[in-house]
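As structure tokens, the structure follows; a few thoughts come after it.
What follows draws every value from the coordinates through simple rules; no lab data is involved. Since this is a predicted model, take the numbers as computed values, not measurements. Every residue, glycine among them, receives a Cβ derived from its backbone with ideal geometry; neighbour counts consider all protein chains shown.
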Amino acid sequence: MTNLRQRQQDILEFIAGFIDGHGYPPSVRDIQEGCSISSTSVVDYNLEALSKMGYLKRSKEISRGIELVGHRSNKTRIPLLGSVSAGQPLPVFPEDHRFLEDNSIEVDPSFVEQQSPVFALHVKGNSMIDALIKDGDYVVIRSQEHAETGDMVAAWLIQEEETTLKRFFPEGERVRLQPENSSMSPIFVDAHNVQIKGRVVGVLRKYK
């Protein structure tokens, strides 16, 4: 990188560190703030220069569409399928593009070492706050159709066509979907009205 200006070297190092730390590329404003640059137009100018020199690839149509050439993250990408309610049930997997435009997220490879697939969901609500899952977090779900008593699951309510994130407690002909929030009451549903979509195996948090 001897042909680069100091600012351009700083930008490349910031992008690499941001990707390794967050699992997704920085925005232009992230770079501006992280490298103490006067304006986003200066960042854009330098990104274009770095792209022409072959250090990175850019897709201006995609938010955070920056790819470092030759940079390998120590993480694995899994699908981000949408949102899940950790409060009252919500319609399953509504459109939500606030994390990555290509609807995927990077996680530690240990999450995908087993044969059954995993996916991520964006948490809406605070009913699982006592389990250290809060509004805005991302849960990693291992896809499976069964659950043990007390498992934290993404449960599909068939008649309501809604999904929710709760603890699973089968109680005869009904199921108790228990929040992890002492101020909230459980949801009771007919056992035939519940399908397990997966079990929570991890939580990711994006810090501002």
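For a quick check: with amide H placed at 1.01 Å from N, whose amide H comes under 5 Å from residue 56's, ignoring anything fewer than 5 positions away on the same chain? Result for residue 56 returns 51, 69. Apply the Debye scattering formula to region 6-68, with a single equal point scatterer on each alpha-carbon and no solvent, then give log10 I(q)/I(0) at q = 0.18, 0.26, 0.27 Å⁻¹. Here the Debye-derived log intensity ratios amount to -0.55, -1.24, -1.35.
Amide H contacts of residue 64 (H built 1.01 Å from N, in plane; Pro and chain starts excluded): 28 sit under 5 Å, all sequence-distant by 5 or more or on other chains. Entry for region 106-208 at q = 0.13, 0.14 Å⁻¹: log10 I(q)/I(0) = -0.46, -0.53, Debye formula applied to identical alpha-carbon scatterers, no solvent contribution.
Just to check, using Stokes-Einstein with a Kirkwood Rh over alpha carbon pairs, what's the diffusion coefficient of region 147-186 at 10 °C and 1.306 mPa s in µm²/s? For the chosen part, D equals 149 µm²/s.
In this structure, the amide hydrogen of residue 144, modeled 1.01 Å from its nitrogen in the peptide plane, lies closer than 5 angstrom to those of 198, 199, counting only residues at least 5 positions away or on a different chain. Whole-Hz Karplus values for region 144-161 come out as 6, 9, 10, 8, 8, 4, x, 5, 8, 10, 8, 9, 9, 8, 5, 5, 7, 6 Hz, taken residue by residue from phi with 6.51 cos²θ - 1.76 cosθ + 1.60 and θ = phi - 60°; glycine and proline positions read x. The dipole here belongs to region 6-68: it is taken about the Cα centre, uses +1 on the Cβ of Lys and Arg and -1 on the Cβ of Asp and Glu, and is about 180 debye.
Applying 1/(1 + (r/R0)^6) with r as the Cβ-Cβ distance of residue 36 and residue 161 and R0 = 41 angstrom yields a FRET efficiency of 0.25.
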